[in-house]
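Novice: There's a structure below that I have some questions on.
Values in this text are rule-based calculations from the coordinates and carry no lab data. Predicted, not measured: the structure shown is a model, and the values here were computed from it. Here the Cβ is made from the backbone with ideal geometry for all residues, glycine too, and neighbour counts use every protein chain on show.
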Amino acid sequence: MKKLLILIPVLTIMFSCSKIPENGNESYLSGKGVFILNEGNFRWGNGSVSFYSYDSSKIYNDLFLNVNERPLGDVPISMLIYGELAYIIVNNSGKIEVVNKNTLISETTITGLISPRNMALASSTKAYVTSMYSDSMAIINLLTNTVTGYINLRRTSESVIVSGAKAFISNWIGGNEIMVVDITNNKVVDSIKVGTEPESMVLDKNKMLWVLCNGGWTRTIQAELNVINTATNIVAKEIVFTDKLASPSCLNIDGIGETLYYLESGVRQMSINSVALPSVPLISESGHYFYKLGVNPANNDIFVTDAADYQQKGSVYFYKKDGTLVSTFTADIIPGLMCFKQ
């Protein structure tokens, strides 16, 4: 009898955390929330997708596997929602899984990509996908969900942001440039020198491009925040991290484009009008290891992942915009970048 009492709550927890709950014919995935991309272990093929639902205040794990009855693949790294579809970029598998955003049911798979990293819309029918190991950026036809061409950047690429008729692409590993592409003809038209290893970028309300350069893994070069005028392609401001050991990452911005967030010994917050870096974090790590950061553009809720020991399931911390902790929940192995569903 004692064993029965122990097993019942365990089974309840397993099903509430891993299955998609149904309300009539409508999945909780149809509501607002945040997708968490669990990278899994490199070359193990155990990457997965979790979803935190604002409606139920719960997290649901292993969604792609449960819905499609096949693994997602090796290292899901980023995700883009456009219309009724979601595009899940799976880095080491060299593919993009195209799914229905409300059910995660697979629509198709875009294959033949080399180490894809991030995706940005160039128009209603065209997207760009960066690559860690290729010198070219892929062009995706969103009507057919196929690769229709490549843009030769002559260097690898990481972050990509489109502003007006231009796409700005960062050369991350070992690089110090932002390439500029004319999206009307898919041609490289300029390059902008920035700090070492531009890791992440955001666009503010004034169409100024903020570039977080982490300085490289050797920590011999200081990290920087560079600000580029997207109209002129000129660096308008440089803010240098004084500590060479600083390792900032995951630059985010709020929904109105006024407040920046990034990871550096906690979650840092600063105004786009600031001329100095924040001296103290908004949210302290407090013994945790913050891995990735996401800020909900609709309400400025802050989500931070903790990869733990990179072997066991990691955690996600949910904070309000003032840094107050709301809840903590368990995702899967190496919870990484997030994608907000409104």
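Novice: Would you calculate a helix-derived [θ] at 222 nm for the chain, using -39,500 (n - 2.57) for each DSSP H run of n ≥ 4 and dividing by the full residue count, to the nearest 500?
Specialist: Calculated from helices alone, the mean residue ellipticity at 222 nm is -2000 deg cm²/dmol.
Novice: Taking N as the number of residues in region 50-160, what is its Cα Rg relative to 2.2 N^0.38 Å?
Specialist: Cα-based Rg divided by the globular estimate yields 1.08.
Novice: Still on this structure, I have one more. Pairs of alpha-carbon atoms within less than 8 angstrom and 6+ residues apart define the contacts here; what relative contact order does the chain have, in percent? All intermediate terms of the calculation are to be shown ahead of the outcome.
Specialist: Numbers: 943 pairs, mean separation 39.8, N = 342.
Here the relative contact order equals 12 percent.
Novice: Would you list Ser48, Ser27 from fewest to most Cβ contacts within 10 Å?
Specialist: Lowest count first: Ser27, Ser48.
Novice: How do Ser124, Ser30 rank when sorted from fewest to most other Cβ atoms within 10 Å of their own Cβ?
Specialist: Ser124, Ser30
Novice: Cβ neighbours within 10 Å, averaged per peptide: list 299-305, 33-39, 251-257, 51-57 in order, most packed at the top.
Specialist: Values: 299-305: 21.1, 33-39: 25.3, 251-257: 18.9, 51-57: 17.3.
Top to bottom by mean Cβ count within 10 Å: 33-39, 299-305, 251-257, 51-57.
Novice: So if each residue of separation counts as 0.36 nm, and I subtract the Cα-Cα distance between Tyr289 and Ser249, what length gain in nm does that give?
Specialist: 13.1 nm
Novice: With r defined as the distance between the Cβ atoms of Trp217 and Thr330 and R0 fixed at 35 Å, what FRET efficiency is calculated, to the nearest 0.05?
Specialist: 0.75
Novice: Using only the Cα atoms, what convex hull volume per residue in Å³ does region 175-215 have?
Specialist: It is 77 Å³ per residue.
Novice: Okay, moving on. State the extension gain, in nm to one decimal, for the chain segment bounded by Asp182 and Asn141, taking 0.36 nm per residue of separation less the distance between their alpha-carbons.
Specialist: Fully extending the segment from Asp182 to Asn141 adds 13.1 nm.
Novice: Towards the positive end of the charge dipole of the chain, with charges on Cβ (+1 Lys, Arg; -1 Asp, Glu), say which of Leu263, Val188, Ile221 has the farthest Cα.
Specialist: Farthest towards the positive pole: Val188.
Novice: Moving on. Only residues of region 286-303 count here: report those whose backbone N is under 11 Å from the spot 7 Å along Cα→Cβ of Ile81, or say none.
Specialist: 297-298
Novice: Name the residue farthest towards the positive end of the dipole of the chain from the options Ser157, Ile178, Ser56, assuming +1 on Cβ of Lys and Arg, -1 on Cβ of Asp and Glu, about the Cα centre.
Specialist: Checking the options against the dipole of the chain, the answer is Ser56.
Novice: Right, another one. If you average the C-alpha positions of region 272-342 and of region 147-182 separately, how far apart do those two centres end up, in angstrom?
Specialist: The distance from the Cα centre of region 272-342 to that of region 147-182 comes to 27 Å.
Novice: Right, something else. Can you give me the long-range amide H partners of Tyr150? Hydrogens built in the peptide plane at 1.01 Å from N, cutoff under 5 Å, separation of 5 or more residues or another chain.
Specialist: The answer is Ile139.
Novice: For region 285-342, what is the charge dipole size about the Cα centre, in debye to the nearest 20, if Lys and Arg each add +1 at the Cβ and Asp and Glu each add -1 at the Cβ?
Specialist: 200 debye
Novice: Right, next: Would you mind ranking Ile140, Ile283 by Cβ crowding within 10 Å, fewest neighbours first?
Specialist: By the 10 Å Cβ count, ascending: Ile283, Ile140.
Novice: Let me ask something additional. Give a residue-ordered list of calculated ³J(HN,Hα) values for region 80-91 (Karplus: 6.51 cos²θ - 1.76 cosθ + 1.60, θ = phi - 60°; whole Hz; x for Gly, Pro).
Specialist: 10, 9, 9, x, 8, 10, 10, 10, 9, 8, 10, 4
Novice: How large is the dipole of the chain about the Cα centre if only Lys and Arg carry +1 and Asp and Glu carry -1, each at its Cβ, rounded to the nearest 20 debye?
Specialist: Details: 27 positive and 30 negative charges, 34 e Å.
The dipole of the chain has a size of about 160 debye.
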